[in-house]
Amino acid sequence: MSAFDRDLLENDKIFVGGEWRRGAGGAYVSIYPADQSVNAEVSTATARDVDDAVVAADVAWRKADWAGLKVHERAAVLHRVASLIDARHEALSVLQRRDNGKPINETRGLVRSAANTFRYFASCAETLEDSVTPSRGDYLTMSVHEPLGVVAAITPWNSPIASDAQKLAPALAAGNSVVLKPAEVTPLTSLALARICDEAGVPKGVVSVLPGKGSVVGDALVRHPLVAKVSFTGGTTVGRGIARLAAEKLMPVSLELGGKSPTIVFEDADLDHAVNGVLFGIFSSSGESCIAGSRLFVARPIYDEFVRRLTRAAQCLRVGDPSREDTQMGPLISKQHRESVERYVAKAIEEGGRLLCGGERPTGNAREAGFFYLPTIFDGLTNDARVCQEEIFGPVLVALPFDDEQSLIEQANDSVFGLAAGIWTRDYKRAWRVSKALATGTVWINTYKQFSISTPFGGWKESGMGREKGYFGIREYMRQKSIYWGMNEQPLAWAK
């Protein structure tokens with residue numbers, strides 16, 4: 001299993017206020033989840049590093065060499081970031097694979113997505129318009145938008161480079177400075193992105209990248225008085241804690257949190273499409289995805305046939321070396337996370353679930369050295385089982401039959417989460433009706449897990465608040481201001 005281009009990193013240093021230096025915290029040893037070999041040793045940040053980065057970001061934001069630039073000048077820098085990502089596409093793809101164990105074809109897609117995200121928000125910066133609003137008197141009224149200041153971006157370990165870009169690009173395009181805190185276990189691609197931003201001409205201090213523990217770095221960022229907004233992607237429990245701290249500061253937050261997404265297969269669905277789509281929705285990324293379609297509802301008349309076909313197809317998925325072009329599932333992120341998934345599998349069996357496939361670690365082909373787990377399918381449970389209500393964040397699917405549309409919608413919506421859902425049917429009226437009834441931020445119809453940077457994404461209920469991507473994605477990093485411009489020829493009547 002190949003190594004990566006170490007020129008992307010700056011030895012064991014972190015990026016603080018536009019300068020590479022050793023973090024004041026302890027060293028973190030990054031390992032490759034596929035075989036536990038060492039990737040690199042990275043120093044981590046402390047609260048003092050956070051303060052240095054935030055103060056530098058505040059100074060940089062207030063200076064005219066970033067927020068004060070004309071929008072096309074900021075856009076040009078973001079286009080250079082995108083071009084540098086493209087120029088190092090394969091090296092970044094390999095680094096992302098080593099960072100979290102995703103198959104190489106998937107990490108290539110994530111790197112392409114990151115470059116396109118910077119291009120999209122560069123274009124947004126140039127084309128966003130403020131408005132002249134209808135006047136109600138002898139004055140001109142305008143609604144304008146301005147940057148917030150210093151943004152703290154806290155990203156997860158499952159898709160680091162894409163998640164980083166989805167926060168960095170719109171925040172920078174809007175004229176903010178950004179302090180990025182990557183997940184503790186996946187710091188490498190974020191540090192490589194810091195190098196690219198520096199080379200592209202992002203002014204000193206506008207971007208910092210601070211690896212380390214969330215309880216240290218993340219907490220210090222959220223509490224810092226100069227941080228004007230936090231954008232967080234991760235678990236719901238941590239998201240709630242951030243929201244509480246933000247409330248004390250009256251600070252806006254964007255929270256993209258957990259999910260327990262339903263996938264629905266109606267009797268008239270194209271079963272070939274549905275089988276492949278359901279498999280992709282839950283088992284791509286080894287199930288380590290907030291939008292994973294982990295609850296499968298199938299119309300009872302086709303339930304047995306569909307589940308048989310799905311189980312056979314799941315058993316044929318290629319689980320193994322992420323560097324191979326034909327690998328479909330790599331390892332889970334860590335030993336601890338695999339053990340968590342195993343506990344959920346044991347709980348499903350304890351609750352009466354019938355194990356149809358998987359439920360164990362694979363053997364052979366050197367997979368014993370990594371954190372691999374086989375695609376797992378259960379049935380025989382009800383929607384109130386723990387594995388149907390709690391996010392597992394792994395390759396575990398529960399299949400459930402349904403009898404009618406109304407009971408289906410009630411079960412699909414019977415969750416504290418509301419991030420995504422999938423519908424498989426040939427009936428376009430039913431697809432529209434059910435998609436409107438589902439309490440979720442995204443619905444896929446006859447497809448799954450497809451994304452467009454131009455289309456907003458975010459959750460309902462405990463899946464979060466705020467939106468990423470699209471027009472909303474850049475406005476989330478701006479504050480609105482109203483301007484009244486007097487046009488009266490005579491003094492205000494009151495002053496006579």
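The values are calculated or read from the model by the stated rules, or taken from the named source; none is laboratory data. Note that the structure is predicted; figures quoted are calculated from it, not measured. FYI the Cβ positions are ideal-geometry reconstructions off the backbone, even for glycines, and counts take in every protein chain you see.
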Problem set entry | Failed item in (1) over 30 Å from Gly201 (Cβ atoms); (2) exposed (fewer than 15 other Cβ atoms within 10 Å of the Cβ); (3) not small (Gly, Ala, Ser), with Tyr32 passing the rest | (2)
For this session: Among residues belonging to the range 256-278 that are in contact (Cβ under 8 Å) with a residue 40 or more places away in the chain and assigned to a helix (DSSP H, G or I), point out the one that is farthest from Glu360 (Cα to Cα).
Result: His273
Problem set entry | Residues of the range 11-25 that turn out to be touching a strand residue (DSSP E or B) at 6+ places or on another chain (Cβ under 8 Å) and not in a loop (DSSP other than H, G, I, E, B), as a count | 5
Problem set entry | Ala385 being among the small types (Gly, Ala, Ser), in the same structural domain as Leu279 (by TED's automatic domain parsing), free of Cβ contacts under 8 Å to residues at least 60 places away in the same chain and surrounded by fewer than 18 Cβ atoms within 10 Å (Cβ to Cβ) | no
Exercise. For the range 110-127, what are the residues that are closer than 22 Å to Gly68 by Cα and in contact with a Phe, Trp or Tyr (Cβ under 8 Å, 6 or more places away or on another chain)?
Worked result: Cys124
For this session: Please go through the range 308-351 and pick out each residue that is of a type in the set (Val, Ile, Thr) and either within 21 Å of Glu106 (Cβ to Cβ) or surrounded by fewer than 20 Cβ atoms within 10 Å (Cβ to Cβ) (or both).
Result: Thr311, Val319, Thr327, Ile333, Val341, Ile349
Exercise. Leu180 fails exactly one of the following numbered conditions: (1) assigned to a helix (DSSP H, G or I); (2) without any contact (Cβ under 8 Å) to a residue 60 or more places away in the chain. What is the number of that condition?
Worked result: (1)
Exercise. Based on what the data block shows, is Ala76 under 22 Å from the mean Cα position of the chain (by Cα) and either touching a residue at least 12 places away in the same chain (Cβ under 8 Å) or more than 26 Å from Ile291 (Cα to Cα) (or both)?
Worked result: no
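Matching residues to (1) touching a helix residue (DSSP H, G or I) at 6+ places or on another chain (Cβ under 6 Å); (2) part of a strand (DSSP E or B):
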residue: Lys204; (1), (2): no, no
residue: Ser208; (1), (2): yes, yes
residue: Pro211; (1), (2): no, no
residue: Ala220; (1), (2): yes, no
residue: Ile242; (1), (2): yes, no
residue: Glu248; (1), (2): no, no
residue: Ile282; (1), (2): no, no
residue: Ser289; (1), (2): no, no
Exercise. Quick one: is Ser231 under 24 Å from Phe457 (Cα atoms) and touching a strand residue (DSSP E or B) at 6+ places or on another chain (Cβ under 6 Å)?
Worked result: yes
For this session: Give the residues of the range 183-202 that are part of a loop (DSSP other than H, G, I, E, B) and more than 22 Å from Arg467 (Cβ to Cβ), sorted by residue number.
Result: Glu184, Val185, Thr186, Pro187, Gly201, Val202
Exercise. When you scan the range 373-416, how many residues do you find that are of a type in the set (Gly, Ala, Ser), in contact with a strand residue (DSSP E or B) (Cβ under 8 Å, 6 or more places away or on another chain) and more than 27 Å from Glu256 (Cα to Cα)?
Worked result: 1
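Here's the yes/no breakdown for (1) outside the structural domain of Ser435 (by TED's automatic domain parsing); (2) under 22 Å from Glu468 (Cβ atoms); (3) small (Gly, Ala, Ser); (4) touching a strand residue (DSSP E or B) at 6+ places or on another chain (Cβ under 6 Å):
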{"residue": "Phe266", "(1), (2), (3), (4)": "no, no, no, yes"}
{"residue": "Ile291", "(1), (2), (3), (4)": "no, yes, no, yes"}
{"residue": "Leu296", "(1), (2), (3), (4)": "no, no, no, yes"}
{"residue": "Val307", "(1), (2), (3), (4)": "no, no, no, yes"}
{"residue": "Ala313", "(1), (2), (3), (4)": "no, no, yes, no"}
Seminar exercise, completed: How many residues of the range 26-72 are in a helix (DSSP H, G or I) and in contact with a Lys or Arg (Cβ under 6 Å, 6 or more places away or on another chain)? The answer is 0
Problem set entry | All positions within the range 472-482 that are within 17 Å of the chain's Cα centre (by Cα) and outside any loop (DSSP other than H, G, I, E, B) | Phe472, Gly473, Ile474
Problem set entry | From Glu41, Glu73, Glu90, Glu19, residue being assigned by TED's automatic domain parsing to the domain that holds Tyr477 and within 30 Å of Gln336 (Cβ to Cβ) | Glu41
For this session: Say whether the condition of being crowded, with 22+ Cβ neighbours inside 10 Å and not in a strand (DSSP E or B) is met by at least one residue in the range 125-135.
Result: yes
Problem set entry | Answer from Trp432, Trp485 - the residue that is surrounded by fewer than 21 Cβ atoms within 10 Å (Cβ to Cβ), aromatic (Phe, Trp, Tyr) and in a strand (DSSP E or B) | Trp485
